[in-house]
1. Taking the conditions exactly as written (in a loop (DSSP other than H, G, I, E, B) and either assigned by TED's automatic domain parsing to the domain that holds residue 103 or surrounded by 15 or more Cβ atoms within 10 Å (Cβ to Cβ) (or both)), does residue 234 satisfy them or not?
2. Does residue 252 satisfy the criteria of being in contact (Cβ under 8 Å) with a residue 60 or more places away in the chain and not in a strand (DSSP E or B)?
3. Mind checking whether some residue in the stretch 255-263 is hydroxyl-bearing (Ser, Thr, Tyr), within 18 Å of the chain's Cα centre (by Cα) and not assigned by TED's automatic domain parsing to the domain that holds residue 86?
4. Among (1) surrounded by 15 or more Cβ atoms within 10 Å (Cβ to Cβ); (2) in contact with a Cys (Cβ under 8 Å, 6 or more places away or on another chain); (3) modelled with pLDDT under 95, where does residue 13 come up short?
5. Report, by residue number, each residue of the stretch 121-160 that is modelled with pLDDT under 95 and among the hydroxyl-bearing types (Ser, Thr, Tyr).
6. With a cut-off of at least 2 residues that are small (Gly, Ala, Ser) and buried (at least 17 other Cβ atoms within 10 Å of the Cβ), name the strands (runs of 3 or more DSSP E) lying wholly within the stretch 30-106.
7. If residue 267 satisfies all but one of (1) part of a strand (DSSP E or B); (2) more than 19 Å from the chain's Cα centre (by Cα); (3) surrounded by 18 or more Cβ atoms within 10 Å (Cβ to Cβ); (4) not hydroxyl-bearing (Ser, Thr, Tyr), what's the number of the condition it fails?
Amino acid sequence: MRRHRGRNTQKSRGGLMNKCSFRRIGIVMNPAAGGWLAEKWKDRIAELLAPAEVIIRLTEGPGQGGALAGELLSQCDLIIAAGGDGTLNEVIGAMPENSNLGLIPFGTANVVAAEFGIPSNNPEAACSIIRNGIAKPVDIGVVNSRPFIMSIGIGPDAEICREVSGTFKRHLGKGAFAIKTLAYLISKTPTPHLVTLPDGREIQSFFTIGLNTSRYAGPRQIVREARVDDGKFDLVIFRKWLPMNIIMSIAGFIILKKPLTANRNIHHISTEGFILSNIDKDYSINGKTIPYQVDGEVAGTLPATVKMQCSWINLIH
């Protein structure tokens, strides 16, 4: 990953940064995000960020955000991801160390925006934060050289992400994942995998979530102590696959705000990195694979090595 010295900031591990001002701002925007709300606000956003010069690049489909961010980095001292969590993940992939990142969140989940108190689908408020906010270094995760900022999921959620089409997601939003999750719990059993920790411990898991943020797939915190600047992942490991037990835990989490980790079959571990692998060494040879997703997008299949890049970017909030 590239290294870059951002302007108008002084890096301080775990501490607040000086208030920032930027001369030229580059925006990578998904115009379709938020039911095309992003496109409607395109010109107004440029006005709201004055007197900075604003360059806006629109994505035309999935996978383009990183390339557009890379082009803007040579011209701008701040890059803004305007869209959903998918757009943010693409932009993160292009950001070198100590570069500056802002958010104008549109879309269905906006986990990172919720983590930092940035209002979703409210570009006036988001632009005010960018103009008046501060920059703070945050960590990013890397799996097999692919960066992510929120989380990595291994097993059911990756399979569900693969099944949820763009059309289905646009029409139902968060409900699309809720419907698919319930159907999965009722009808399927995931293939177990192995989680290996830096101290050599090996844990069999049916479903593993590696969190950089305290939130996962929505605005509610599932591990309240998780922080994006502590240099660690918070692993949530489902060691047994008990569908009704899991459904009851999810219901308790949503209705009673009871932590998922209160379930004795769900384990919570903090770690600086981990390795994911197939338990059956011949599993992939037989034409089957275990997928993983990062930040809500399917990213690959096991095996995978997951590491933390501490204080990699400066996020304005």
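The values are calculated or read from the model by the stated rules, or taken from the named source; none is laboratory data. Since the model is a prediction, treat every value here as computed from it, not as a measurement. A quick note on method: Cβ atoms are made from the backbone with ideal geometry, for glycine too, and the neighbour counts reach across all protein chains shown.
1. It is false that residue 234 is in a loop (DSSP other than H, G, I, E, B) and either assigned by TED's automatic domain parsing to the domain that holds residue 103 or surrounded by 15 or more Cβ atoms within 10 Å (Cβ to Cβ) (or both).
2. Here the answer is no, as residue 252 does not meet what is asked.
3. no
4. All conditions pass for residue 13, except number (1).
5. 145
6. It comes to 78-83.
7. All conditions pass for residue 267, except number (3).
A quick yes/no check of all residues on (1) among the hydrophobic types (A, V, I, L, M, F, W, C); (2) farther than 21 Å from residue 293 by Cβ:
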{"residue": "70", "(1), (2)": "no, yes"}
{"residue": "80", "(1), (2)": "yes, yes"}
{"residue": "89", "(1), (2)": "no, no"}
{"residue": "95", "(1), (2)": "yes, no"}
{"residue": "104", "(1), (2)": "yes, yes"}
{"residue": "107", "(1), (2)": "no, no"}
{"residue": "115", "(1), (2)": "no, no"}
{"residue": "129", "(1), (2)": "yes, yes"}
{"residue": "138", "(1), (2)": "yes, no"}
